[in-house]
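A quick write-up on the structure given underneath.
Coordinate-derived values only; no laboratory data. Computed from a predicted structure; not experimentally measured. Neighbour counts are summed over all protein chains in view; Cβ atoms, including those assigned to glycine, are modelled from backbone coordinates with ideal geometry.
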Amino acid sequence: MNEEKRQGPDFWMKLLPVFNLCAWGLFIISLVLTHIAQPEMDTGIVRYHGIEIREYWLLDIVYWIQITLLGMIMLLFGNIIVAKMRSRRKCDQRYLNQWLLLVLTLFTAFIVFIFAR
């Protein structure tokens with residue numbers, strides 16, 4: 001009685017994992033760029049040796065961080081909307097990693113937009 005009537009995933013459902021991998025890749029790129037652009041750490045050994053450090057954000061790189069974060073947010077919202085529209089059964093996947101990545105991206109965007117000035 002509980003016969004499966006679906007033929008298989010359609011084009012959009014096949015694209016979801018690809019876009020999800022692209023979003024995770026952009027997240028890793030934005031983390032690397034954030035590490036490069038942030039001010040250098042002032043530690044005791046640096047002060048002891050009198051090494052000069054950069055105490056400001058590199059704004060050229062911050063611009064690209066913001067671009068990647070906004071692109072990720074748009075990509076993730078698109079993924080979530082497509083997943084919600086195309087999967088209608090309770091047994092369908094929930095795509096929790098997209099929600100986790102969206103929360104992490106919004107948190108990273110908050111940090112970058114507030115502190116990188």
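Numerical summary
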| item | result |
| --- | --- |
| Separation in nanometres of the label points that stand 7 Å from Cα toward Cβ, at ILE36 and TRP64 | 0.4 |
| Distance histogram in 10 Å bins (all Cα pairs of region 1-80, percent per bin) | 16, 28, 21, 16, 10, 5, 3, 1 |
| Nearest 10 degrees, 0 to 90: helix 59-86 Cα axis against the chain principal axis | 10 |
| Helix 96-115 axis, angle to the chain major axis (alpha carbon atoms, nearest 10°) | 30 |
| Computed helical MRE - 222 nm, the chain, DSSP H runs ≥ 4 contributing -39500 (n - 2.57), nearest 500 | -24000 deg cm²/dmol |
| Inter-site label distance for TRP12 and ILE80 at 7 Å from Cα along Cβ, in nm | 1.7 |
